[in-house]
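Working notes for the structure below.
The values are calculated or read from the model by the stated rules, or taken from the named source; none is laboratory data. Not measured: the values here are computed from a predicted model. All Cβ positions, even for glycine, are placed from backbone atoms using ideal geometry, and neighbour counts span all protein chains on display.
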């Protein structure tokens, strides 16, 4: 098996005048959870559809598990699992029958099918409820079952498009834990899109950030944090508005700054000190009550990249 699960070379897709994916060149190593991050409309779902051969690229090329999505989409879909915008479950059927039906589609033998269904439902804490109709289940339970269905045929690669979107905090945490455990146990490559930066930070050993279909950054979360400057300063007080954020952004030691909920969040460049910034804020009329320092999170990096792209 190749050490690269996905290759994209200047992959592009346009819908009329809209460039949904723009010259995307990227490699996804095999056997990891890879985070594909971006705001709404960034091109994440379109990229997945291109990789699965569900859309024809406008230009460029891709390779998924060694296959060309334009010519060998069936081979790709036979070797991958996918959980896209809808869970695709049959509500009138039980959880067990949903997986049984899917297993027959993948032509798994009866004994293998039953063993695999029991294994997955047990790992996901659903075995005791396997005979219940899915329409009676919560969204979190349905999402777990959809994850089991995506993993049923032991795919080499799994595409998960916002798997925790719309779930409450506890259900989302449970799905994340199950995803991490399944990925480690199965050894599959996971291509994960999410808006949740904390989720990506916990699960992903490598992430890519896109906006407007363009790649902005790629690397390990720690690498991206270092690239953002590393030090995050949070300033609390009065009069800390967007006008002061703009003032700070003009300073050479500031990588990014924005106002949020009556506070200022400032990312400093490598080696910069925060004291001159506080002096500048006080001089501009702000009442500074507290200054907190810490390392930038992946969410901070994401915000910084979005602001830099706008400028």
Q: Kindly provide the set of residues from region 246-273 that are outside any strand (DSSP E or B) and at pLDDT below 90, ordered by number.
A: 252, 253, 261, 262, 269, 270, 271, 272, 273
**Q.** Candidates 167, 157 - the one that is within 21 Å of residue 38 (Cβ to Cβ), over 9 Å from the mean Cα position of the chain (by Cα) and without any contact (Cβ under 8 Å) to a residue 40 or more places away in the chain
**A.** 167
Q: Give the residues of region 91-125 that are in contact (Cβ under 8 Å) with a residue 24 or more places away in the chain and closer than 21 Å to residue 159 by Cβ, sorted by residue number.
A: 98, 99, 102, 103, 106, 108, 116, 120, 123, 124
**Q.** Count - residues of region 50-64 that are under 25 Å from residue 103 (Cα atoms) and surrounded by fewer than 20 Cβ atoms within 10 Å (Cβ to Cβ)
**A.** 2
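Filter region 14-37 for residues that are on the phi > 0 side of the Ramachandran plot and in contact (Cβ under 8 Å) with a residue 24 or more places away in the chain; which is nearest to the chain's Cα centre (by Cα)? Reasoning before the result, please.
Here is the first cut: in region 14-37, the ones on the phi > 0 side of the Ramachandran plot are 16, 23, 31.
With in contact (Cβ under 8 Å) with a residue 24 or more places away in the chain added as a condition, the list becomes 23, 31.
Details: 23: 20, 31: 16 Å.
So the residue we want is 31.
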Q) Within region 23-35, can one find any residue that is at pLDDT 95 or above and in a loop (DSSP other than H, G, I, E, B)? A) no
Q: Name the residue, out of 302, 191, that is within 30 Å of residue 24 (Cα to Cα), within 15 Å of the chain's Cα centre (by Cα) and outside the structural domain of residue 46 (by TED's automatic domain parsing).
A: 302
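May I ask you to verify whether residue 140 is outside any helix (DSSP H, G or I) and assigned by TED's automatic domain parsing to the domain that holds residue 179?
Details: outside any helix (DSSP H, G or I): no; assigned by TED's automatic domain parsing to the domain that holds residue 179: yes.
Against the criterion (outside any helix (DSSP H, G or I) and assigned by TED's automatic domain parsing to the domain that holds residue 179), residue 140 does not qualify.
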Q. In region 163-186, which residues are surrounded by fewer than 18 Cβ atoms within 10 Å (Cβ to Cβ) and not in a helix (DSSP H, G or I)?
A. 165, 166, 168
Q) Which residues, counting only those in region 107-126, are surrounded by fewer than 16 Cβ atoms within 10 Å (Cβ to Cβ) and under 28 Å from the mean Cα position of the chain (by Cα)? A) 119, 122, 125
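Going by the structure shown, is residue 225 surrounded by 16 or more Cβ atoms within 10 Å (Cβ to Cβ), closer than 18 Å to residue 42 by Cβ and either out of contact with any helix residue (DSSP H, G or I) (no Cβ under 7 Å at 6 or more places or on another chain) or modelled with pLDDT under 80 (or both)? Spell out the reasoning first.
Working: surrounded by 16 or more Cβ atoms within 10 Å (Cβ to Cβ): yes; closer than 18 Å to residue 42 by Cβ: no; either out of contact with any helix residue (DSSP H, G or I) (no Cβ under 7 Å at 6 or more places or on another chain) or modelled with pLDDT under 80 (or both): yes.
Here the answer is no, as residue 225 does not meet what is asked.
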Q: Test residue 85 against the stated conditions and say whether it is touching a strand residue (DSSP E or B) at 6+ places or on another chain (Cβ under 8 Å), closer than 24 Å to residue 190 by Cβ and loosely packed, with under 14 Cβ neighbours inside 10 Å.
A: yes
Q.
I'd like to know if region 200-211 contains one or more residues that are more than 30 Å from residue 9 (Cα to Cα), touching a strand residue (DSSP E or B) at 6+ places or on another chain (Cβ under 9 Å) and outside any strand (DSSP E or B).
A. no
Q: Evaluate region 124-137: report whether one residue or more is within 27 Å of residue 48 (Cα to Cα), in contact with a helix residue (DSSP H, G or I) (Cβ under 7 Å, 6 or more places away or on another chain) and modelled with pLDDT under 90.
A: yes
(Q) With the requirement that a residue be within 19 Å of residue 115 (Cα to Cα) and crowded, with 18+ Cβ neighbours inside 10 Å, what does region 141-155 give you? (A) 144, 145, 146, 147, 148, 149, 150, 151, 152, 153, 155
Q. Quick one: residue 7 ticks every box in (1) part of a loop (DSSP other than H, G, I, E, B); (2) modelled with pLDDT of 95 or more; (3) under 20 Å from residue 204 (Cβ atoms) bar one, so which box is it?
A. (1)
